[in-house]
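The values are calculated or read from the model by the stated rules, or taken from the named source; none is laboratory data. In this text, all values refer to a predicted model and were calculated from it rather than measured experimentally. In this analysis, Cβ positions are derived from the backbone assuming ideal geometry, glycine residues included, and neighbour counts consider all displayed protein chains.
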Amino acid sequence: MLILNQRQQALLALVKRDSYISVEKLAAHFTVTRQTIRRDIALLAEHQLLQRYHGGASVLSSVENVAYQARQILCIEEKRRIAACVAQHIPNHASLFINLGTTTEEIAKALHQHQGLRVMTNNLHVADTMCDYQDCEVMVLGGVMRTRDRGLTGEATVQLIRQFRVDYGIIGVSSIEADGTLRDYDYREVRTTEAIIQQSRQVFLAADHSKFDRPALVELGHLSQISALFTDQAPTAAIIEQMQAAGTQLHIAD
């Protein structure tokens, strides 16, 4: 299991902010040797957290997400704080959609003390986590299974989602752009999340700070379709402006 130290986490944040940053600049920023930075970059590139180049590092391509195993531990403490905050806003005896993603999987764990939930999910990890909760009914939304993360997508999934209208749609995304556009990487996954948004009375978006202004290929929707954003840090001023114009609530986890 990969555990990143504070420098490596901060290095990732700098690469994301600048898109590309040189070894020399990183070494000066952290007051360490270039050899130390090269080792950090090699480790992070090995786990598909950034792209390694001669003399520096860059963000990953907009057409490919970070590997599932790496996403499971990336910003894990932030995701757990976000999950706890979301759980506080979900009442007992509520009906839920929960979509794919490592953040939504943490939300499933945070709901373990709730009672009387009716959960519909295309995430087999979520279904496995919640199936033994007290008086919790779990429906798996069938479809084509992705081997990399046990996610179900496709037209069959979308059609099943459209048969229901739930209290809360709990979703994660890969990117929130400055203009409020929500994006992800997999077109079929986007189709299922679009359907969840349409069939939910309230939509809760859970996204840690690494999702702000991150490149991703497929447009999913807009912040104006979201009831509340749950995150761990204040978004950029541009994103906050979009939220205020849309009336989208902001919850920053302690």
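Cβ-Cβ contacts under 6 Å between residues 6 or more apart (or on different chains), taken from a first residue in the stretch 34-47 that is among the hydrophobic types (A, V, I, L, M, F, W, C) to a second residue that is outside any helix (DSSP H, G or I) and modelled with pLDDT under 95, are listed as I41/R52; I41/A57; L44/L50; A45/R52. Suppose we filter the stretch 222-239 for residues that are more than 25 Å from A195 (Cα to Cα) and surrounded by fewer than 20 Cβ atoms within 10 Å (Cβ to Cβ); how many remain? Going through the stretch 222-239 one residue at a time, the tally reaches 5. Filtering the stretch 177-189 to residues that are aliphatic (A, V, I, L, M) and at pLDDT below 95 leaves only A178.
For (1) within 16 Å of the chain's Cα centre (by Cα); (2) surrounded by fewer than 18 Cβ atoms within 10 Å (Cβ to Cβ), each residue gets a yes or a no:
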| residue | (1), (2) |
| --- | --- |
| Q88 | no, yes |
| N92 | no, yes |
| V119 | no, no |
| G151 | yes, no |
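The single condition among (1) surrounded by fewer than 19 Cβ atoms within 10 Å (Cβ to Cβ); (2) modelled with pLDDT under 95 that L124 does not meet is (2). Going by the structure shown, is E194 assigned to a helix (DSSP H, G or I) and at pLDDT below 95? Considered against the rule, which asks whether it is assigned to a helix (DSSP H, G or I) and at pLDDT below 95, E194 comes out as no.
Yes/no matrix, rows are residues, columns are (1) under 23 Å from I98 (Cβ atoms); (2) surrounded by fewer than 17 Cβ atoms within 10 Å (Cβ to Cβ); (3) of a type in the set (G, A, S):
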position: E177; (1), (2), (3): no, no, no
position: R183; (1), (2), (3): yes, no, no
position: A195; (1), (2), (3): yes, no, yes
position: Q198; (1), (2), (3): yes, yes, no
position: L205; (1), (2), (3): yes, no, no
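The residues of the stretch 231-254 that are among the polar types (S, T, N, Q) and at pLDDT 95 or above, listed by number, are T231, Q242, Q244, T248, Q249. Selection within the stretch 178-188: residues that are assigned to a loop (DSSP other than H, G, I, E, B) and of a type outside the set (D, E, K, R). The member of this set that is farthest from E241 (Cα to Cα) is Y185.
Scanning the stretch 127-162 for residues that are closer than 20 Å to A94 by Cβ and in contact (Cβ under 8 Å) with a residue 60 or more places away in the chain returns a single hit, I161.
Note on the stretch 20-54: residues that are of a type in the set (G, A, S), in contact with a Lys or Arg (Cβ under 9 Å, 6 or more places away or on another chain) and over 14 Å from L4 (Cβ atoms) amount to 1.
Within the stretch 197-227, count every residue that is assigned to a strand (DSSP E or B) and either basic (K, R) or under 17 Å from T248 (Cβ atoms) (or both).
11
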